[in-house]
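Structure, as structure tokens:
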Amino acid sequence: NALKTAEARLILAGSNFILGRYGKAAKLLRDTSLDKIDEAAFWRAATISKSGKMIAGAYEMQRTGDLVKAYPKPLRMPLSILIADAAVTIGQAKKAKDMLKSLKKLEPNAKESAAISFLEGKLAESDGKREAAVKKWEEVLPIRSGPSFVKASAARVNNLLRLEKMDADDAIRELEKLRFAWRGDEFEFQLLRRLGSLYLNQKGYRKGLETLRQAVTYFSKHKDVNAVTEEMTDAFNFLFSNDGADGLAPVTAIALFQDFQELTPAGRRGDEMIRKLADRLVAVDLLDQASNLLHEQVLSRLEGDEKGQVGTNLAVIHAFAKEYEKMLIVLDDSEVDGLPESLVTRRRHLRAHALGSLDREKEALILLK
């Protein structure tokens, strides 16, 4: 009775696997009644591999993979291709070649042939034969759809780049065509990551950061998400700490900063980044944008002498814009004890200037006395 229950569970898990319901298949296969059944071990490994963890399932599939030879062709073919893919991934090239050779004798259909050609390209690439790999992947392109097509297309582009037979702009155009051709798994994450990096290398900073943000957002639990976030942070620091944004129009720079301000580092480094951008905005008379940046610093980021100094700078910007009420507000908001005497004197003069400009001459004169 227990054996029948285990067999039924295994059949149900396999059915879910075939339908692409890998989460349901995995849940069924976790049952302890399947622990000592080799066929269940194979399906567990296959499900793990299909869920984006090829290496984790690869060795168990190699151990138990001969079981699929007894399956009917419609089931044997895709499972054997998966086993061959796992063999390529863990470097068992001879086993992969032998399996692919035997699969060709089973008269594969067009999509199956495309999957075989894709793996033959991966084998050639792993052997350092990039040009041969590209030729194999080009055999896949006529099918125009399916996982083998998108994977072969992306692999072809990346290798043509390495061979310097395609430039970055053409590579971006080719990879952009694949973005909506296949969604929701490891391929999409790696595609977004590659595209984002290419955009950044080509100084397409907005597109690059947007694309990498999508990778982080859509695949928040991916093991490499922290590395992608770090890549975004490095690009942001290059732009706003290391003068990379100097080549951008000031309006473009401030828009880019505001759209990705969550990447601003905490502490002194982030404060310096904000002030540097504000100085650049003031230099081109974008006073509102500069004052908005510094106002946030005064209210929530700074303390002590820095708060007093940045508040003073912000008051000067408001003076340029003839915003005298705002001058008084920011001087009040940035008032702290123990400021250097020279800064106290400057702030007093600014306050007097604001009061005089608001027809409050008596108060201004009292300050100046």
If you stretched the chain out fully between THR89 and GLU335, how much longer would it get, using 0.36 nm times the residue separation minus the C-alpha to C-alpha distance? 82.3 nm
Given charges of +1 on the Cβ of Lys and Arg and -1 on the Cβ of Asp and Glu, with all other atoms neutral, how large is the dipole of the chain about its Cα centre, in debye to the nearest 20? 2240 debye
Magnitude of the Cβ-charge dipole of the range 1-79, K/R +1 and D/E -1, about the Cα centre, nearest 20 debye? 260 debye
Please calculate how many Å² of accessible area the chain carries per residue, with a 1.4 Å probe and no DNA, RNA or ligand atoms counted. 54 Å²
For the table LYS73/LYS221; LYS27/LYS95; LYS177/LYS276; LYS151/LYS221; LYS94/LYS221; LYS165/LYS221, the rows whose alpha-carbon distance is greater than 32 Å are LYS73/LYS221; LYS177/LYS276; LYS94/LYS221; LYS165/LYS221
Which percent of the accessible heavy-atom area of the range 142-240 goes to carbon and sulfur, probe 1.4 angstrom? 49 percent
Mean separation of Cα contacts under 8 Å (6+ apart) over length of the chain, as relative contact order %: 6 percent
Radius of gyration and maximum dimension Dmax of the range 49-149, Cα, Å: 13.0, 37
Report, as a whole number in µm² per second, the diffusion coefficient that Stokes-Einstein gives for the chain at 20 °C and 1.002 mPa s using the Kirkwood radius over alpha carbon pairs. 84 µm²/s
Tell me whether the range 236-297 comes out rounded, prolate or oblate; compute the Cα gyration tensor, take square roots of the eigenvalues as a ≥ b ≥ c, and use a/c under 1.5 as the rounded threshold. oblate
Classify the range 143-250 as rounded, prolate or oblate, taking a ≥ b ≥ c as the square roots of the eigenvalues of its Cα gyration tensor: rounded when a/c is under 1.5, otherwise prolate if a/b is larger than b/c and oblate if not. oblate
Determine the share of the range 322-369's accessible area contributed by carbon and sulfur atoms, expressed in whole percent, with a 1.4 angstrom probe. 53 percent
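The values are calculated or read from the model by the stated rules, or taken from the named source; none is laboratory data. Quantities reported herein were computed from a predicted structural model and do not represent experimental measurements. All Cβ positions, even for glycine, are placed from backbone atoms using ideal geometry, and neighbour counts span all protein chains on display. Calculation scope for accessible area: heavy atoms of the full protein, side chains included, ligands and nucleic acids excluded. Shrake-Rupley method; radii C 1.70, N 1.55, O 1.52, S 1.80 Å.
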